[in-house]
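For reference, the structure discussed in these notes is given below.
The values are calculated or read from the model by the stated rules, or taken from the named source; none is laboratory data. As the structure is a computational prediction, the values presented were derived from the model and not from experiment. When we count neighbours, we look across all protein chains shown, and the Cβ atoms used for this are built from the backbone with ideal geometry, even at glycine. Remember, those area values only see protein heavy atoms, side chains included, never the ligands or the DNA or RNA. Shrake-Rupley method; radii C 1.70, N 1.55, O 1.52, S 1.80 Å.
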Amino acid sequence: MLENYAQALKLVLVYEGGYTNDPRDPGGPTNFGIIQREYDHFRSTKSKPLQSVRLISQDEVSEIYLENYW
């Protein structure tokens, strides 16, 4: 199944791409479908300083989706 991961992620990000911070969304700031709280957790487990989810790299997006959703 891992061989399908890159293609599947590409399809998901068509709908989950881009930064948003809709005050009606209880998840708060979100980028590529990843909320700030989840990004903070990811970075802290990697011993990296916290930063805005707006600055998330594509490598981090891929790793989070692989670890948490795939």
Calculated from DSSP H runs of 4 or more alone, at -39500 (n - 2.57) each and per residue, what is the 222 nm mean residue ellipticity of the chain, nearest 500?
-14500 deg cm²/dmol
Per residue, how many Å² of accessible area does the chain show with a 1.4 Å probe?
70
Zone reached by a paramagnetic label modelled 7 Å from Arg54 Cα along Cα→Cβ, restricted to the stretch 1-40 with backbone N below 19 Å, covers 17-40
When the accessible area of the chain is split by element with a 1.4 Å probe, what percent falls to carbon and sulfur?
55
Write out the trypsin sites (Lys or Arg not before Pro) in the stretch 1-63 meeting two conditions: DSSP loop, and at most 13 other Cβ atoms within 10 Å of their Cβ.
Arg24, Lys46
